[in-house]
């Protein structure tokens, strides 16, 4: 394995750890396991039903795009003011 391949692998492992940690934070620490659903072909937040829908991870170019989308939708969720 050459130096370039080794660096790419190290970067990929770091990204995967960040995405794993983000999923852990969303599910365990923020209690969002019931608010995030997987499936479909688009990401959105439903204020009426109070849930975030995300396509499956394999539908994204890679883990960073999934994480960015999850955080974007989380931003919509946090902006909702209780009635």
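Considering only residues of the range 61-78 that are part of a helix (DSSP H, G or I) and touching a helix residue (DSSP H, G or I) at 6+ places or on another chain (Cβ under 8 Å), which is surrounded by the fewest Cβ atoms within 10 Å (Cβ to Cβ)? Even if it seems obvious, please write down each step before you answer.
Filtering the range 61-78 down to residues part of a helix (DSSP H, G or I) leaves 63-78.
Next, from what is left, pick out any that are touching a helix residue (DSSP H, G or I) at 6+ places or on another chain (Cβ under 8 Å): 63-64, 66-67, 70-71, 74.
Details: 63: 18, 64: 13, 66: 21, 67: 20, 70: 21, 71: 11, 74: 19.
That would be 71.
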Subset tally (residues that are touching a helix residue (DSSP H, G or I) at 6+ places or on another chain (Cβ under 8 Å), farther than 17 Å from residue 63 by Cα and either at pLDDT 75 or above or assigned to a helix (DSSP H, G or I) (or both)) for the range 1-46 = 2
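The values are calculated or read from the model by the stated rules, or taken from the named source; none is laboratory data. Small disclaimer: the values here were computed from a predicted structure and weren't measured. Note: ideal-geometry Cβ built from the backbone for every residue, glycine included; neighbour counts use all protein chains shown.
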